[in-house]
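Accompanying notes for the structure given below.
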Amino acid sequence: MPLTDSSPVRPAASDTPIRTLAASIGVSYFAIALIARLPYAMIVVGVLTMVVDARGSLAVGGLTSAMVGLGTIATGPLIGAAADRWGQRPVLLLAALVQSAVLVALVAVAYGDTPEGLLLLVSALAGATAPQVSPMSRARLVGAIGRMRLAAGARGRLQESTMGYESAVDEIVFVFGPVLVGVVAIAATPAAPVLAAAALTLAFVTAFALHPTARTAGHAAGSAEREPARSIARPGILLAAGGTFATGLFFGSMLTSLTAFADEGGFPEQTGILYGIMGIGSAILALAVGMLPRRFSLPWRWIAFTGILVIGAVLAAGATGAVSMGWALALAGCGIGPTLATLYALAAARSPRGREATVMAILGSSVVVGQALSSMVVGSMAESAGSTIALWAPVAAAALLMIFGLANLRARQSVHW
């Protein structure tokens, strides 16, 4: 039966922890949570496509798309904090209603006789009202695992597998989302993907909000149950957030420099395929982290998989064509997926009581900050110096991720499952 109360769940002797988790929250939850996070993956590219069509300017389109990201960065942790304070259900229902209305308004503003300033403002609102499904889903699953009666080792393995699953879903959504935008825009109109995102938000974010897990997501009803907000600034959490920021830098710089590389090489249509190779490998390896032995601890996994990422990034910087780039990105994907899953697992283990959604939202927003910053800087670098120089930016991002990982080894905060 789906999870409907706060009583601990004891797995039957024949059940695995993963099966027990799926049974306790309901298999339908995973489908709802996946589709509910799809709209945001569509919005960033969908707004760019729509505004270029409506205003005839790639510069204006890029700026409005960036404003969506900035809006998300500004309010993501606040929405997470609100969920920790008042519960996920009311926060998500309000966000779903408001964002759906804002997206419809954005279509009207884009195609209307309105100043660009208003267009940018509404675009920022579209990002600011993003429901933060990914961090809230992670917080729910962490809460559900916390309610299960498991041995310490089994709990840790389940936590790692769950964070790996969540990272893999994010990868799949952010690879598939832009593809869906292209298909819908070709089949209908350039505005259709944004309207489709509004409809998906209203339907599936609402379903996500109403799911029974929303009541048991680690929400602390009273201030006495919640640790103070300053507890979020623990070194272990800040280092994990630094790691996701560096991961965002890698994603943004790699996509931007890869676009320039493919364009200079005469195969721009293969950019999405090459980037998808990295995303697929990343998703598969992220799913596999729960199978790793417990003695291979989370801090050392961070170091090991980031090392693979650094090697892949260096090979990508030296690539001479589509084939060599594809192999380099496949190797990089084998590093980035498990590293991201490890970062979320570390943050989940270190989250203060009653602040789980806030911590997860901070990590998610850090990824967005890194992507936005690196896309802007590396885009200018590629335009002025070419892809040969720009492709070293992902190497620098991977090196920064390694530095945070090495600093994490020195953190005095132990991880308890």
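The values are calculated or read from the model by the stated rules, or taken from the named source; none is laboratory data. Predicted model, so just to flag it, every value in this text is computed and none were measured. Methodologically, a virtual Cβ is constructed for each residue, glycine included, from the backbone with ideal geometry; neighbour enumeration extends over all protein chains shown. When the accessible area is computed, the model is the full protein with side chains, heavy atoms only, and any ligands, DNA or RNA have been set aside. Shrake-Rupley method; radii C 1.70, N 1.55, O 1.52, S 1.80 Å.
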Please work out if Leu106 is over 23 Å from the mean Cα position of the chain (by Cα), open to solvent by less than 10 Å² (accessible area, probe 1.4 Å) and within 15 Å of Pro193 (Cα to Cα). yes
Residues Ala66, Ala126: which one is farther than 21 Å from Ala36 by Cβ, in a helix (DSSP H, G or I) and of a type in the set (A, V, I, L, M, F, W, C)? Ala66
Could you tell me whether any residue of region 84-101 is open to solvent by less than 10 Å² (accessible area, probe 1.4 Å) and within 22 Å of Ser380 (Cα to Cα)? no
Being surrounded by 21 or more Cβ atoms within 10 Å (Cβ to Cβ), at pLDDT 85 or above and among the hydroxyl-bearing types (Ser, Thr, Tyr) is the filter here, so list the residues in region 21-74 that pass it. Tyr29
If you go through region 210-221 one residue at a time, do you hit one that is closer than 28 Å to Ser282 by Cβ, crowded, with 19+ Cβ neighbours inside 10 Å and at pLDDT 75 or above? yes
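Suppose the filter is among the basic types (Lys, Arg) and either surrounded by 24 or more Cβ atoms within 10 Å (Cβ to Cβ) or assigned to a loop (DSSP other than H, G, I, E, B) (or both); does Arg155 pass it?
Numbers: among the basic types (Lys, Arg): yes; either surrounded by 24 or more Cβ atoms within 10 Å (Cβ to Cβ) or assigned to a loop (DSSP other than H, G, I, E, B) (or both): no.
No, not satisfied.
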Residue match in region 109-116 (condition: surrounded by fewer than 16 Cβ atoms within 10 Å (Cβ to Cβ) and closer than 25 Å to Glu356 by Cα): no
Out of Ser384, Ser380, report the one residue that is surrounded by fewer than 19 Cβ atoms within 10 Å (Cβ to Cβ) and modelled with pLDDT under 80. Ser380
